[in-house]
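Everything on this sheet refers to the single structure shown next.
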Amino acid sequence: MTRILGIETSCDETAAAVVDQDYHVLSSVIESSLDVHRDFGGVVPELAGRAHLTTISSVIERALVDADLDPLMPAIDAIAVTSGPGLVGSLLVGLSAAKGYALAWDLPFVGINHLEGHLFAALLDAPSMAWPVLTLLVSGGHTALVLHESPGVHQVVGETIDDAAGEAYDKVARWLGLGYPGGPVIDALASEGRATSLRLPTSMMGEGLDFSFSGLKTAVVRATEKNPEVSKADVAAAFQGAVVEQLMRKMRQALERYDVAGVAIGGGVAANSALRSAVAAIAQEYGIECHLPSRLVCTDNAAMIAAAGVYRWGAFGPSEWSLPATPNWSLGSLS
């Protein structure tokens, strides 16, 4: 059995996991430093890096022990580690750890694009899914539509031209005084509101598959200033409805262009209840499979990095020891 140790430190989660060649998760440990950043309204890079340094060794040890492996000399075949995109200080902690353990255990390591990791999240729950698949990747820093011919073989067919959907959630939550992170609190609050109570403009109505969310945040600010009597729950419902409407409009346009066996979602915003319901409805409408990863693997985790490592290591072999952290590594640049 092939086993890959995955390490993820791109932002504020320190994570390690062991996954086998069939994408079965043997262990997954996540240690978040979110509470350190909450009072600042966002992730503080220096504090995130320090938190990774404090916890990474114990997180890796726990992942190995949970997989019934010897933490001093584990029976694994390679180490996969996020090397971009992300916060450079955080990335360097994980990358340095991966190289150190690989040297100590005489193992190969492979650098993984964090966004490609999110694309593998659906495989962790459905290793035998039918291909091709259209995946909507929605996170705090990225929003994209990706066409997959098979695991690791993909093409970005649409992406945001400005803010990501998750970034818009955080900005609107900050404006409404709801705290950080904005996604979960707006999702919960929206269930209590009426989306029709506030009219918001519809963005990117053309036939292209790109997204735009920067104007929506501004529209929320202006609309709430003009209509201060509208409750926060109604604002949240209207905003979330506008985000999901744009995402689904573009997914539907993509499904008209590409013949796929199923749709999937990935990224932190893929945990959003309204988005999950909308994607499931579209899949039913088109009569295709729907792959909604469990919420635990939607947010940053190392199991998805290990899963991507299964493919990358098998297809391209190990990375060079000189591999740097690449904070702006784009998904479209992957071969």
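With respect to Glu61, determine if the residue is surrounded by fewer than 22 Cβ atoms within 10 Å (Cβ to Cβ), in a helix (DSSP H, G or I) and either more than 21 Å from the chain's Cα centre (by Cα) or not basic (Lys, Arg) (or both). The answer is yes for Glu61.
Condition check ((1) over 26 Å from Gly179 (Cα atoms); (2) buried (at least 16 other Cβ atoms within 10 Å of the Cβ); (3) free of Cβ contacts under 8 Å to residues at least 12 places away in the same chain) across all residues:
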residue	(1), (2), (3)
His37	no, yes, no
Ser57	yes, no, no
Leu72	yes, no, yes
Asp77	yes, yes, no
Gly84	yes, yes, no
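For region 280-291, residues that are within 18 Å of the chain's Cα centre (by Cα) and either buried (at least 24 other Cβ atoms within 10 Å of the Cβ) or without any contact (Cβ under 8 Å) to a residue 40 or more places away in the chain (or both) total 1. The set of residues in region 155-174 being part of a helix (DSSP H, G or I) and among the acidic types (Asp, Glu) consists of Glu167, Asp170.
Checking the stated criteria, Leu134 turns out to be touching a residue at least 60 places away in the same chain (Cβ under 8 Å) and under 20 Å from the mean Cα position of the chain (by Cα). One residue alone among Ser28, Ser32 is crowded, with 21+ Cβ neighbours inside 10 Å, under 20 Å from Arg295 (Cβ atoms) and either out of contact with any strand residue (DSSP E or B) (no Cβ under 6 Å at 6 or more places or on another chain) or polar (S, T, N, Q) (or both), and that residue is Ser28.
When you scan region 209-219, do you find a residue that is over 16 Å from Ala164 (Cβ atoms) and in a helix (DSSP H, G or I), even just one? Yes. Just one residue in the set Arg252, Arg199, Arg276 is free of Cβ contacts under 8 Å to residues at least 40 places away in the same chain and in a loop (DSSP other than H, G, I, E, B); that residue is Arg199. Across region 144-158, which residue is nearest to the chain's Cα centre (by Cα) among those that are modelled with pLDDT of 95 or more and under 20 Å from Asp300 (Cα atoms)? So the residue we want is Ala144. The single condition from (1) at pLDDT 95 or above; (2) touching a helix residue (DSSP H, G or I) at 6+ places or on another chain (Cβ under 9 Å) that Arg295 fails is (1). Please indicate, with yes or no, whether at least one residue in region 288-309 is farther than 22 Å from Gly152 by Cα and touching a Leu at 6+ places or on another chain (Cβ under 7 Å). Scanning region 288-309, I find no residue that is farther than 22 Å from Gly152 by Cα and touching a Leu at 6+ places or on another chain (Cβ under 7 Å), so the answer is no. Filter region 254-279 for residues that are among the aliphatic types (A, V, I, L, M), within 20 Å of the chain's Cα centre (by Cα) and modelled with pLDDT of 95 or more and give the result. If the condition is that a residue be among the aliphatic types (A, V, I, L, M), within 20 Å of the chain's Cα centre (by Cα) and modelled with pLDDT of 95 or more, then Val263, Ala264, Ile265, Ala274, Leu275, Ala278, Val279 are the ones that fit.
For region 225-235, the criterion of a residue being part of a helix (DSSP H, G or I), surrounded by 20 or more Cβ atoms within 10 Å (Cβ to Cβ) and assigned by TED's automatic domain parsing to the domain that holds Thr202 is satisfied by at least one position.
Assessment of region 102-110 against the conditions (surrounded by 22 or more Cβ atoms within 10 Å (Cβ to Cβ), in the same structural domain as Val18 (by TED's automatic domain parsing), at pLDDT 95 or above and not in a helix (DSSP H, G or I)) yields at least one matching residue. When Ala315 is tested against (1) aliphatic (A, V, I, L, M); (2) touching a helix residue (DSSP H, G or I) at 6+ places or on another chain (Cβ under 7 Å); (3) not assigned by TED's automatic domain parsing to the domain that holds Thr160, exactly one condition is not met: (2). Of the residues making up region 186-196, those that are in contact (Cβ under 8 Å) with a residue 24 or more places away in the chain and assigned to a helix (DSSP H, G or I) are Ile186, Asp187, Leu189, Ala190, Ala195, Thr196.
The values are calculated or read from the model by the stated rules, or taken from the named source; none is laboratory data. The structure presented is a predicted model; accordingly, all values stated were derived computationally and were not measured. Don't worry about glycine lacking a Cβ; one is built from the backbone with ideal geometry, like all the others, and counts go over all protein chains shown.
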